[in-house]
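A.B. asks: Here it is: the structure, laid out below.
The values are calculated or read from the model by the stated rules, or taken from the named source; none is laboratory data. The model shown is predicted, which means the values in this text are computed figures rather than measured ones. Heads up, the Cβs are rebuilt from the backbone with ideal geometry, glycines too, and the neighbour counts pull from every protein chain shown.
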């Protein structure tokens, strides 16, 4: 079985090396880059399964790099940052990241996040029975096998987290999911009331799916309760 490849992007060599040691010891192939430009160059030549992406870097920071990566790639991206403010977290998630880890971090916790993201990403790309692999809701088509989403003839690029949320709601059409339930189902972590993560992701999904995200056709808000996709 081929090793899964992790791209570690950080301008601090000590951090790149530390992360690299833990990933290597756990059986991953590690590629390192010191800024966003180097990371983009790596992605042109290498198949990467997950990216650990620092935010504050010279030449091209993590936010800009994440947006460029998301133009045509959907592997999981975990942002790394010394900033812990909610706005920095939201900005990272808005640009297409799937998770966010604040420095200084416990390397074992980071490793656990990496494994969780890879499991989720792999599961979504595993072949399933054809009858279960396609969900159609009006013009919206979700293909679980290929991890593709289309609205009519238009392909919609979603991050793995965004795909998870859309798939959760689509396969449970008519059921209302609270923000807490969505978070704990997708992130597998305890929800904290002040966390805006789910709302940020829902907004991004709507912006990508809808011609007018202010009048959502697919993901409906049930005020005071949560979100649903209707039959």
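A.B. asks: Of all the residues that make up region 186-229, how many are in contact with a strand residue (DSSP E or B) (Cβ under 9 Å, 6 or more places away or on another chain) and surrounded by 13 or more Cβ atoms within 10 Å (Cβ to Cβ)?
C.D. replies: Of the residues in region 186-229, 18 are in contact with a strand residue (DSSP E or B) (Cβ under 9 Å, 6 or more places away or on another chain) and surrounded by 13 or more Cβ atoms within 10 Å (Cβ to Cβ).
A.B. asks: Shifting gears a bit: Can you say whether residue 164 is within 18 Å of residue 79 (Cβ to Cβ), in contact (Cβ under 8 Å) with a residue 12 or more places away in the chain, outside the structural domain of residue 112 (by TED's automatic domain parsing) and over 16 Å from the mean Cα position of the chain (by Cα), as far as the supplied structure shows?
C.D. replies: Spelling it out, it is not the case that residue 164 is within 18 Å of residue 79 (Cβ to Cβ), in contact (Cβ under 8 Å) with a residue 12 or more places away in the chain, outside the structural domain of residue 112 (by TED's automatic domain parsing) and over 16 Å from the mean Cα position of the chain (by Cα).
A.B. asks: Check region 130-143 and report whether any residue there is within 30 Å of residue 109 (Cβ to Cβ) and touching a residue at least 24 places away in the same chain (Cβ under 8 Å).
C.D. replies: no
A.B. asks: For residue 210, are the conditions met, namely being closer than 17 Å to residue 159 by Cα and free of Cβ contacts under 8 Å to residues at least 60 places away in the same chain?
C.D. replies: So residue 210 fits the description; yes.
A.B. asks: With a cut-off of at least 3 residues that are at pLDDT 85 or above, over 10 Å from the mean Cα position of the chain (by Cα) and in the same structural domain as residue 50 (by TED's automatic domain parsing), name the helices (runs of 4 or more DSSP H) lying wholly within region 70-135.
C.D. replies: Values: elements: 86-94, 107-125, 130-133.
In region 70-135, 107-125 are the helices (runs of 4 or more DSSP H) which contain 3 or more residues that are at pLDDT 85 or above, over 10 Å from the mean Cα position of the chain (by Cα) and in the same structural domain as residue 50 (by TED's automatic domain parsing).
A.B. asks: Here is a further query. For region 29-60: of the residues being in contact (Cβ under 8 Å) with a residue 60 or more places away in the chain and within 18 Å of residue 109 (Cβ to Cβ), which is surrounded by the fewest Cβ atoms within 10 Å (Cβ to Cβ)?
C.D. replies: If we filter region 29-60 for residues that are in contact (Cβ under 8 Å) with a residue 60 or more places away in the chain, which is where we start, we get 49-50, 52.
With the extra rule that they be within 18 Å of residue 109 (Cβ to Cβ), the set shrinks to 50, 52.
Details: 50: 25, 52: 27.
Top of the filtered list is 50.
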